[in-house]
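For reference, the structure discussed in these notes is given below.
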Amino acid sequence: MLTSADIVDYVKRKISFLPYIDISDEDIMDHIKRYTLREFARFSRLRKSTVLDTRNEWFKTTDKNVFKFYDRQQRTILNIYAVSTTTLFQQQQPMFVGDGINSAIDWLMSKTLTDTVATLLDYEYWQYIPHNKIMLNRYMSASEIVGIEYECAPLITEIPDQYEPIFLDLATAYCKEWIANMRIDNVNSLFGEINVNSSELRQEAQTVMDDFKEKIRKQPPNLYIHVG
């Protein structure tokens, strides 16, 4: 798991004169989060889930079957599904006449058939309404709790281990570009004056960024098949 200290230390080792520039570690991390992490999110996104309680007055709206869903992370919703409901036995589905286990089995088969037909007649379970609402269809809205699966950009600590080297190199590249834009000619260090070649820094940074964008272009898309 990467930490802010790990990232800053790596960048400083790759850009040897960086510690002698008047830039704090906090400034370095702020720049990396603002630019590197945003770009990296196009390459690696995490699949997470949360729940929405449709009984909570805070999430209800004046529109029928429409609920609030705050989305500060710019999440891509993949699926919404029923988690729990207390209305299972309150549906307008009559019990078959019978005794004991046979009656329960008959009712369950009938209920399953009814739900399957309803699914085929009403395929769209939900709809996202930008920028902070979700509309559930009449079958889904019977659930008191719905699960929401979504994709979002990772935090620094959530970057998968196998992608850490890619992220570190990209962070270094963005820092090189940042320094090049400062147009610093020389840096005084404990070992004397260090010449800063802004053109070379910018070229090195651009090479890494172009390579990263090419990898994004060749990366296969995440495909999810809905089985209704």
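The values are calculated or read from the model by the stated rules, or taken from the named source; none is laboratory data. This is a predicted model, so every value here is computed, not measured. Backbone-built Cβ (ideal geometry, glycine too); neighbour counts: all protein chains shown.
When THR157 is tested against the conditions (1) at pLDDT below 80; (2) assigned to a helix (DSSP H, G or I), the lone failure is (1).
The residues of region 164-198 that are modelled with pLDDT under 85 and either within 23 Å of the chain's Cα centre (by Cα) or among the hydroxyl-bearing types (Ser, Thr, Tyr) (or both) amount to a single one, SER189. Of all residues in region 184-202, those satisfying the criterion of being of a type outside the set (Val, Ile, Thr) and in contact with a strand residue (DSSP E or B) (Cβ under 7 Å, 6 or more places away or on another chain) are ASN186, GLU193, ASN195.
The set of residues in region 16-60 that are touching a Ser or Thr at 6+ places or on another chain (Cβ under 7 Å) and outside the structural domain of THR76 (by TED's automatic domain parsing) comprises PHE17, TYR20, MET29. Selection of region 203-216 for residues being of a type outside the set (Gly, Ala, Ser) and either within 30 Å of the chain's Cα centre (by Cα) or outside any helix (DSSP H, G or I) (or both) yields GLU204, GLN206, THR207, VAL208, MET209, ASP210, ASP211, PHE212, LYS213, GLU214, LYS215, ILE216. Within region 11-34, the only residue that satisfies the criterion of being closer than 16 Å to ALA180 by Cβ and small (Gly, Ala, Ser) is SER16.
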